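Laboratory data are not the source of any read-out in this text; all were calculated from the coordinates shown. What you are looking at is a predicted structure, and each value in this text was computed from that prediction instead of being measured. When we count neighbours, we look across all protein chains shown, and the Cβ atoms used for this are built from the backbone with ideal geometry, even at glycine.
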Amino acid sequence: MKIKIVNITSWIIIIMILILAFNFYKHNNFNEFIRSEMNLHTSEFKRDSETKYSKTDSYRITSNTKNDATIYKKVKVEKNTPYKVTCMVKTENVIPENEISGVGAQISIIGTTEKSIAITGTQEWQKIEMIFNSKDREEVDIGFRLGGYLGECTGTAWFSDFTFEEGTLSQNNNWRFACFIFENTDVTINGKNVKLSMTDTDIFDIRDTMKRFRTTIREISNSKIIADYDTYIVREPINKLSYDQEFGYYVSAEDIENSIKDIVKENEYDHIFVVIRLGDEEHKNDIQINDWIGLRFNGLLWHRIF
C-alpha cells in the first residue's frame, strides 16, 4: 500500500513539473527570434496567451524604465529587391523620451535607419508596415521593436501576425500621390528661431503645380504613369528639420510622422510630397539647402514569403 502511495505521489510530482516546464516554455519560447535591448536586463520579453490578435500567443515587450528593446530574426534576401514587412501591434502607455517622433512600437532593420511608423500611447490592434530595398545585402535582421534608433521609451507593446513579402514591379499605371502643404514653419536653426508662413498665393501656386504635374507626368511617360493625387493643408507648424552634410536641411519622415501618419495609414499612396516654406526675404539664408530628398516610393506588387 505504501509503495502505491509513493508511486502515485511521484507521478503527481512529475506531472506538476511537466506542467510547470510546459508553461515556462510556452511563455518564454520566442522561436527563432533573438531578444536584444540597449540597457541589459531592463525590459521583459514574454509570450502572451491572454492579450493576442489571433489564435497564436502574441510577443510582448514591457519596459518599465526607458529602454530600446527588440526581438529580431535574421532573414535571407535577394540583392536589389524590394520587400514589405507587416505585423499587428497593440500598445499600452508607450511614452518616448523627450517626445521624440519615430520612437515607439515599430518594425525596423537592426543597425540601420530603416523603419516603419512608430506607435505610441495606448492603442488597440492595428497593422503597421515597413517597405525597404535589400540593395547589396543578402540577409537582414528584421526587428519588432519598442524604442528605436532615435531613442528609448517606456510602456508595453504586443506584436503578432508577422508577414514578409517580396515585391515585383506592378504593371498598373495608376499612381496615387499625396501632397501635404505645411502652412507654417517654426524651427530653431543654429540657435536662431525661424518662423515662416505660406501665403494664399503660395498655396494657390502649389495646387496649380500639382494640376500641371498630373498632366505633364502622363505626357512625358507616354501614359505609363497616370497620376491621381490628394492635397492636404496642415495647419500645425513643422518644428523640426533634419540635417545632412551633403543635402543640408531637409524634411525627413520623422520630422512629419506625427502630423501625417493617420492620413497615410488610411490610404495607399505610392509617393508623398511635402511642401514647406524654408525661406523669405528676412530668412533667405538661414536654412541651408543643398539638394532634395524624397520620402517614399511604392508602385509594387507583393508576394508572401512567410
Kirkwood Rh and Cα Rg combined as Rg/Rh, segment 39-90
1.06
Can you pull the Kirkwood radius for segment 228-275, inverse mean 1/r over Cα pairs, to one decimal in Å?
12.2
For segment 86-97, in order, what is each residue's ³J(HN,Hα) by Karplus, 6.51 cos²θ - 1.76 cosθ + 1.60 with θ = phi - 60°, in whole Hz (x at glycine and Pro)?
10, 7, 9, 9, 10, 10, 9, 6, 7, 10, x, 5
Amide H to amide H under 5 Å from Tyr229: which residues, 5+ apart in sequence or cross-chain, H placed 1.01 Å off N in plane?
Phe177
Please state, as a whole number in µm²/s, the translational diffusion coefficient that the Stokes-Einstein equation yields for segment 174-298 at 20 °C and 1.002 mPa s, with Rh defined as the Kirkwood radius across alpha carbon pairs.
137
If each residue's Cβ is checked for other Cβ atoms within 10 Å, how do Glu152, Glu99 rank with the fewest at the top?
Glu99, Glu152
Segment 29-169 - Kirkwood radius from inverse mean 1/r over Cα pairs (Å)
15.0
Can you work out the FRET efficiency for the pair Lys265 and Met38, with r the C-beta to C-beta distance and R0 = 25 Å, to the nearest 0.05?
0.35
Regarding segment 89-240, what are the three Cα extents along the principal axes, ordered largest first, in Å?
47, 46, 32
Once you keep just the Cα pairs under 8 angstrom separated by 6 or more residues, what percentage relative contact order results for segment 71-160?
45
Amide H contacts under 5 Å for Val274, placed H, 5+ residues apart:
Phe180
With respect to the cross-link table entries Lys73/Lys115; Lys46/Lys73; Lys79/Lys265, which display a Cα-Cα separation exceeding 26 Å?
Lys79/Lys265
